[in-house]
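Below: one structure, written as structure tokens.
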Amino acid sequence: MLIPVILSGGAGTRLWPLSRELYPKQLLALTSQRTMIQDTALRLKGLDAAAPVVVCNDAHRFLVAEQLRLVKIEPRAIVLEPFGRNTAPAIALAAHAALKNAKDDPILLVLPADHVIRDVAAFQMAAVAAVTAAEQGRLVTFGVVPHSPETGYGYIKRGEALGPVYRIGQFVEKPKADKAAEFVSSGEYYWNSGMFVFRARRYLEELERFAPAIATACRKAFESAKSDLDFTRVDAQAFEACPSDSIDYAVMEKTADAVVVPLDAGWSDVGSWASLHAASDADASGNVSHGDVLVEDSNNCYLYSESRLVAAVGLEGHVVVETKDAVLVAPKDRVQDVKALVNQLKEKGL
């Protein structure tokens, strides 16, 4: 059985002021008429997959449930995290939820809720290859074939070929521009996508081996979980004791069975306004406009209006985002620094 896991715990702070703590980017319609979590769930159609397990923040539970209901998707479970503890614990909770009442050891297809994938057929082909590797006990990650030397992504160096997948030679942190260019020109490196496929018990075994404190806390939190309407509410006290760590650090960089499947499918994690611009349809001048926008002699800009007219003259490579209570203006090559603004807002209690 293939059970998708949709991780919907991110805050999307780099897409402020549109993405907010109580309404993060995965719940917004940014690149299509549907929200990002809806698109994530719908791209599973055509795969022989069961109903998904969704992991989300307790504060977003009704929004998540309603958005999935609107596209006629009934989750196997919606697991509520009382607080964020990164991806390794979130996936552990999902694995326990998938194993509950399961007759076998299901294969998990782990997908963040806030990614864009343009070529769904190519994604599904890669997923099928990943499932085959997972059936053999492998822990699979998707490596995105890079088309430019991005410095905002981690990289994966491929090793020995094992059919359509490769052993992982090395995980590399976000590189400087010159290193990123070397990686892309070598043809041996992929962007680290944050998507995974493995058997539920296999993941929990490796988590127990390499991050036992996480494994124990998540097991206890799920064993004491309570059903609340359509939600699974894990034990907050047990989960509070769980260390925070990513699946990459906790498991994938340590296990001997990690492999990577190449993915060339128009992928973006929409991690900034610049990457949202790249993932959107632009006009002949390279501008992406949303809402009530007027443009004159401007190129390669992202212009978003929520509540009033935004007019731009003579801009080159800028982002302008207007909401009812905030306006952001920034050069596209500085949008990674939006997170610093969000940190200032938090410090000021705004």
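Candidates Asn299, Tyr166, Thr323 compared by Cα position along the dipole of the chain: farthest toward the positive end lies Tyr166, with charges placed on Cβ.
Over all pairs of distinct alpha carbons, what does the Kirkwood formula give as the hydrodynamic radius of the chain, in Å?
Details: mean 1/r = 0.0476 Å⁻¹.
Kirkwood radius, the chain: 21.0 Å.
Each principal axis of the Cα cloud of segment 273-347 was evaluated for its coordinate range; sorted largest first, these ranges are 40, 25, 21 Å. Here the chain is assigned +1 on the Cβ of each Lys and Arg and -1 on the Cβ of each Asp and Glu. Its dipole about the Cα centre then comes out at about 760 debye. Each residue of segment 69-79 is assigned a 3J(HN,Hα), and the resulting list reads 4, 5, 9, 6, 10, 9, x, 5, 7, 10, 8 Hz, derived from the Karplus form 6.51 cos²θ - 1.76 cosθ + 1.60 (θ = phi - 60°), x at Gly and Pro. If you find the alpha carbon centre of segment 18-36 and of segment 281-335, how far apart are they in angstrom? For segment 18-36 versus segment 281-335, the Cα centre distance is 18 Å. Taking amide H as placed 1.01 Å from N in the peptide plane, the amide H of Asn299 sits under 5 Å from that of Leu315, Glu316, Gly317, each at least 5 places away or on another chain.
Restricting to DSSP loop positions (anything but H, G, I, E, B) with no more than 15 other Cβ atoms inside 10 Å of their own Cβ, which GluC sites (Glu not before Pro) remain in segment 241-350? Provide the component values of the computation, followed by the final result.
Values: sites: Glu253, Glu296, Glu306, Glu316, Glu322, Glu347; in loops: Glu253, Glu306.
When the GluC sites (Glu not before Pro) of segment 241-350 are filtered for loop state and at most 15 Cβ neighbours within 10 Å, Glu253 remain.
In the chain, taking the dipole from charged Cβ atoms about the Cα centre, the farthest positive-side position among Ala29, Ala50, Ile6 is held by Ala50. About its Cα centre, segment 273-347 has a charge dipole of approximately 300 debye under the convention of +1 per Lys or Arg Cβ and -1 per Asp or Glu Cβ, with nothing else charged. Averaging over all projection directions, the Cα-based convex hull of segment 156-294 occupies 13.7 nm² in the image plane.
No solvent, one uniform scatterer per C-alpha: report log10 I(q)/I(0) for segment 1-137 via the Debye equation at q = 0.14, 0.19, 0.20, 0.22 1/Å, two decimals. Debye intensities relative to I(0), on a log10 scale: -0.62, -1.15, -1.26, -1.48.
Dimensions of segment 199-274 based on its C-alpha atoms, expressed as ranges along the principal axes with the largest first, amount to 41, 34, 21 Å.
All of the numbers you see were taken from the coordinates with simple rules; none came from a lab. Computed from a predicted model, the values in this text were never measured in an experiment. Here the Cβ is made from the backbone with ideal geometry for all residues, glycine too, and neighbour counts use every protein chain on show.
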